[in-house]
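Visitor: Can you read through this structure? Questions will come right after.
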Amino acid sequence: VTNYFFITSDAILPPKTIRSVTAFRDDFNSWNPNNYHVACTAWGGGNNELQVYTPGQSNLFTKNGHLYIKPTLTVNHPDFNEGKLYHGQMDLNGLWGYCTQGSNSGCNKHGGQDILPPVMSGYITTKAAIKYGRMNIRAKLPKADWTWPAIWTLPRNNTYGGWPQSGAMDIMESRGNAVAMGGGVNHGVNEVMSKLDWGPSGDTSQFYKTQVFNTYVDNEIILRTDTPSNSYWSYGGFSGDNIWKHGGKDAPFDQYFQLVLNVAVGGNWFKNDYQYAYTRPWTDSSRHPKRDFWEHRNQWQNSWQGDNAAMIVDYVEMIQY
């Protein structure tokens, strides 16, 4: 079980100088979806991910005071089977009554050149948001090949524009593979990564400069980033009109942010030049990555042992300073 904390740089001050209030806490003694925005989409997250996010009780449920965000095989859903993966339709509005992201045919998929998403999973965003403060999360990460658990934040309102113009804070991302070697380092399940995303466009995000806030895992700091002395715009070396000129010194991180918890499967997070226990089931150039992944399930399915494939969350807490 791992504890995740992120705090602003203000938290280095003695605690008695910080006035705070708990804006939201969930101990998951029961599952109350009214506290969250629950994603329902197969759009792929902008990262070529392989799952469909659902509100289904197999993917989001509580048990013994814990929230389980658990990926499951689509063929185990009563409306699907092997044949429908290849030749069927996945109409999210028809199945679950709504769809949250229609990009990349995210609301209605058809089998064809590629199959339907072979995995279902969960993605939730708190309705509560804080501007400056601390988020405490106690969670256990999945140990299952090609799972991508994430604990992060997104702005409640895209004040400065869409991602990453309004910023994002990746508190924790990990890979469920036991082996993911790159540069002589194992970037698998025993490693977590934390960063900020910010920039005028996706291909100019300066996340590598911010690796404002501290992130602790099991009381060990894994990320510390202070607000640049001038501004994020100057620190990023961007040209053109400053999209954050009407914001404060911390812009774009001077707005209210919501907590996001999800478990993706596959996607660009699993780098092609890493060495895994076996060859990555899909290639970057494949025209049918979901089919490739599914047809190599004999390689990865044994690593998905029951609830070990789930991110298990004990509690989340959002404290406003």
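Visitor: Roughly what would the spin-label model give for L73 and N186, points 7 Å off Cα along C-beta, in nm?
Guide: 2.7 nm
Visitor: First compute the accessible area of the chain with a 1.4 Å probe, then give the percent of it belonging to carbon and sulfur atoms.
Guide: Numbers: 6440 of 14360 Å².
Reported share for carbon and sulfur atoms: 45 percent.
Visitor: Run the quick spin-label model on K209 and N32: label points 7 Å from Cα toward the beta carbon, then report their separation in nm to one decimal.
Guide: My value for the distance between the label points is 4.2 nm.
Visitor: Provide Rg over Rh for the chain; use the alpha carbon set for both Rg and the Kirkwood Rh (inverse mean inverse pair distance). Provide the component values of the computation, followed by the final result.
Guide: Working: Rg = 19.7 Å, Rh = 20.5 Å.
Here the Rg-to-Rh quotient is 0.96.
Visitor: Mind checking the per residue accessible area of the chain for me, 1.4 Å probe, whole number of Å²?
Guide: Values: 14360 Å² over 321 residues.
Per-residue accessible area for the chain comes out at 45 Å².
Visitor: Let me ask something else. To the nearest 20 Debye, how big is the dipole of the chain about its Cα centre, given +1 on the beta carbon of each Lys and Arg and -1 on that of each Asp and Glu?
Guide: Numbers: 26 positive and 27 negative charges, 79 e Å.
Around 380 debye, computed over the chain.
Visitor: Using just the helices of the chain, give the 222 nm mean residue ellipticity in deg cm²/dmol: DSSP H runs with n ≥ 4 each add -39,500 (n - 2.57), and the total is spread over all residues, rounded to 500. Could you put the intermediate results ahead of the total?
Guide: Working: 5 runs with 27 residues, N = 321.
The helix-only estimate for the chain comes to -1500 deg cm²/dmol at 222 nm.
Visitor: Starting from the Cα of V179, step 7 Å toward the Cβ, then list every residue of segment 134-148 with an amide N under 15 Å from that point.
Guide: 145-146
The values are calculated or read from the model by the stated rules, or taken from the named source; none is laboratory data. In this text, all values refer to a predicted model and were calculated from it rather than measured experimentally. All Cβ positions, even for glycine, are placed from backbone atoms using ideal geometry, and neighbour counts span all protein chains on display. To get the accessible areas, we keep the full protein, side chains included, count just its heavy atoms, and leave off ligands, DNA and RNA. Shrake-Rupley method; radii C 1.70, N 1.55, O 1.52, S 1.80 Å.
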